[in-house]
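S.K.: Have a look at the structure that comes next, please.
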Amino acid sequence: MCSHQAVHVAMTLDAAYLRGSMAAILSVLQHSSCPQNIRFHFIPSSTANHHHLRLTISRSFPSLKFQIYPYDSSKVSGLISTSIRSALDCPLNYARNYLANLLPPCLSRVVYLDSDLVLVDDIAKLAATPLGDRSVLAAPEYCNANFTSYFTPTFWSNPTLSLTFAGRKACYFNTGVMVIDLQRWRQGDYTTKIIEWMELQKRMRIYELGSLPPFLLVFAGNIAPVDHRWNQHGLGGDNYRGLCRNLHPGPVSLLHWSGKGKPWVRLDANRPCPLDALWAPYDLLQTPFALES
């Protein structure tokens, strides 16, 4: 599991999103030029049924090289502030804060993926993203997004906090697809930096949106760029209604149903969005109803 020639992929794993995770795994393997060179690192809650998760994955992917790393969410539970959507408050969403501690020290680089996405391109291309001399992570940036909206008036009106992004060309990026240099993360103790912002959030409300804002506070303006094709996100609609959305203009290597609407839920309800048809071919855990229909 420590091969430096392999492509290492980290994902969280839980019963609620297992159907999405399985689809993501299948899409990675199907579009890889060398699937035997991929190592998966799965992070479930320490209270999850690890035997069931391991059995489900092994039966569907008998040759898959993977390891499971239980995540004790008690360390972060007391730091989570209520956000605009209850699903964002799940402690497992914060496991990405602790990747460098959870994964083996021998790992130097990992691709982190959410469970509500599928790839339609070779993940080795994404994994090979140059990080330059100093960047800890790489992700597609969206500088047209209203960056100020990710933080509260309390944050921007504070003379000290408002200087956080001074000298940084800070742009929004989605934390569901990231290439991370784990050695640089450990050297810079970035887990502690993220936790410090979460502790401040408990004392004064400086943001509303779950696990994303601490990443923006620590990394925005200092990440390596990735082409937008590697995160066509927002296909699940917004965090309130989850309405159907179209693809962004341009080529596509990864489709990401971030937002409230998940394709497997909409398909089961027989109310799919048009783009959910692109997810359906990777659905390995179809319900009996879906199979009959």
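The values are calculated or read from the model by the stated rules, or taken from the named source; none is laboratory data. Please read all numbers here as calculations on a predicted model, not as lab measurements. Don't worry about glycine lacking a Cβ; one is built from the backbone with ideal geometry, like all the others, and counts go over all protein chains shown. Just so you know, the surface numbers come from the protein's heavy atoms only, side chains and all, with ligands and any DNA or RNA stripped out. Shrake-Rupley method; radii C 1.70, N 1.55, O 1.52, S 1.80 Å.
S.K.: What number goes with the only condition from (1) under 23 Å from residue 235 (Cβ atoms); (2) in a loop (DSSP other than H, G, I, E, B); (3) of a type in the set (Gly, Ala, Ser); (4) in contact (Cβ under 8 Å) with a residue 40 or more places away in the chain that residue 132 does not pass?
M.R.: Residue 132 satisfies all of (1) under 23 Å from residue 235 (Cβ atoms); (2) in a loop (DSSP other than H, G, I, E, B); (3) of a type in the set (Gly, Ala, Ser); (4) in contact (Cβ under 8 Å) with a residue 40 or more places away in the chain except (1).
S.K.: Here are the criteria: (1) touching a Cys at 6+ places or on another chain (Cβ under 9 Å); (2) surrounded by 15 or more Cβ atoms within 10 Å (Cβ to Cβ). Tell me which single one residue 274 does not satisfy.
M.R.: Answer for residue 274: the failing condition is (2).
S.K.: Right, something else. Inside the range 217-256, can you point out the residues that are crowded, with 17+ Cβ neighbours inside 10 Å, within 21 Å of residue 19 (Cα to Cα) and free of Cβ contacts under 8 Å to residues at least 40 places away in the same chain?
M.R.: 232, 234, 237, 242
S.K.: Take the conditions open to solvent by less than 30 Å² (accessible area, probe 1.4 Å), closer than 22 Å to residue 36 by Cα and in contact (Cβ under 8 Å) with a residue 24 or more places away in the chain and apply them to residue 180. Does it pass?
M.R.: Taking the combined requirement at face value, the residue satisfies it.
S.K.: Moving on to the next point. Considering the range 185-208 alone, what residues qualify as being closer than 24 Å to residue 126 by Cα and open to solvent by less than 60 Å² (accessible area, probe 1.4 Å)?
M.R.: Residues satisfying the conditions are 185, 188, 190, 191.
S.K.: Filter the range 117-163 down to the residues that are out of contact with any Cys (no Cβ under 8 Å at 6 or more places or on another chain), open to solvent by less than 30 Å² (accessible area, probe 1.4 Å) and over 30 Å from residue 7 (Cβ atoms) and list them by number.
M.R.: Answer for the range 117-163, where residues must be out of contact with any Cys (no Cβ under 8 Å at 6 or more places or on another chain), open to solvent by less than 30 Å² (accessible area, probe 1.4 Å) and over 30 Å from residue 7 (Cβ atoms): 151, 152, 155, 161.
S.K.: Specify which of the listed residues (33, 77, 60) is hydroxyl-bearing (Ser, Thr, Tyr), within 30 Å of residue 152 (Cα to Cα) and open to solvent by 30 Å² or more (accessible area, probe 1.4 Å).
M.R.: 77
S.K.: Another question about this same structure. What is the residue count in the range 80-116 for residues that are of a type outside the set (A, V, I, L, M), open to solvent by 40 Å² or more (accessible area, probe 1.4 Å), at pLDDT below 90 and not in a helix (DSSP H, G or I)?
M.R.: Summing the residues that are of a type outside the set (A, V, I, L, M), open to solvent by 40 Å² or more (accessible area, probe 1.4 Å), at pLDDT below 90 and not in a helix (DSSP H, G or I) in the range 80-116 gives 2.
S.K.: Given (1) part of a helix (DSSP H, G or I); (2) over 16 Å from the mean Cα position of the chain (by Cα); (3) surrounded by 20 or more Cβ atoms within 10 Å (Cβ to Cβ), identify the lone condition not met by residue 170.
M.R.: (1)
S.K.: Here is a further query. Answer yes or no as to whether residue 265 is in a helix (DSSP H, G or I), among the β-branched types (Val, Ile, Thr) and closer than 30 Å to residue 188 by Cβ.
M.R.: Taking the combined requirement at face value, the residue does not satisfy it.
S.K.: Looking only at helices (runs of 4 or more DSSP H) that lie completely in the range 17-79, which have at least 3 residues being closer than 21 Å to residue 258 by Cα and under 20 Å from the mean Cα position of the chain (by Cα)?
M.R.: Result: 18-30.
S.K.: Shifting gears a bit: Going by the conditions given, is residue 259 buried (at least 20 other Cβ atoms within 10 Å of the Cβ) and either at pLDDT 90 or above or assigned to a loop (DSSP other than H, G, I, E, B) (or both)?
M.R.: Spelling it out, residue 259 is indeed buried (at least 20 other Cβ atoms within 10 Å of the Cβ) and either at pLDDT 90 or above or assigned to a loop (DSSP other than H, G, I, E, B) (or both).
S.K.: Let me ask you something else. Could you grab me the full set of residues in the range 224-246 that are over 18 Å from residue 149 (Cβ atoms) and touching a Ser or Thr at 6+ places or on another chain (Cβ under 6 Å)?
M.R.: 224, 226, 229, 230, 236, listed by residue number.
S.K.: Would you mind telling me which numbered condition in (1) of a type in the set (Lys, Arg); (2) within 29 Å of residue 134 (Cα to Cα); (3) modelled with pLDDT under 95 residue 229 fails?
M.R.: So residue 229 meets the others, but not (3).
S.K.: Those residues that are touching a Leu at 6+ places or on another chain (Cβ under 8 Å) and not charged (D, E, K, R), I need them from the range 265-279; list them, please.
M.R.: Once the filter is applied, which keeps residues that are touching a Leu at 6+ places or on another chain (Cβ under 8 Å) and not charged (D, E, K, R), the range 265-279 yields 273, 275, 278, 279.
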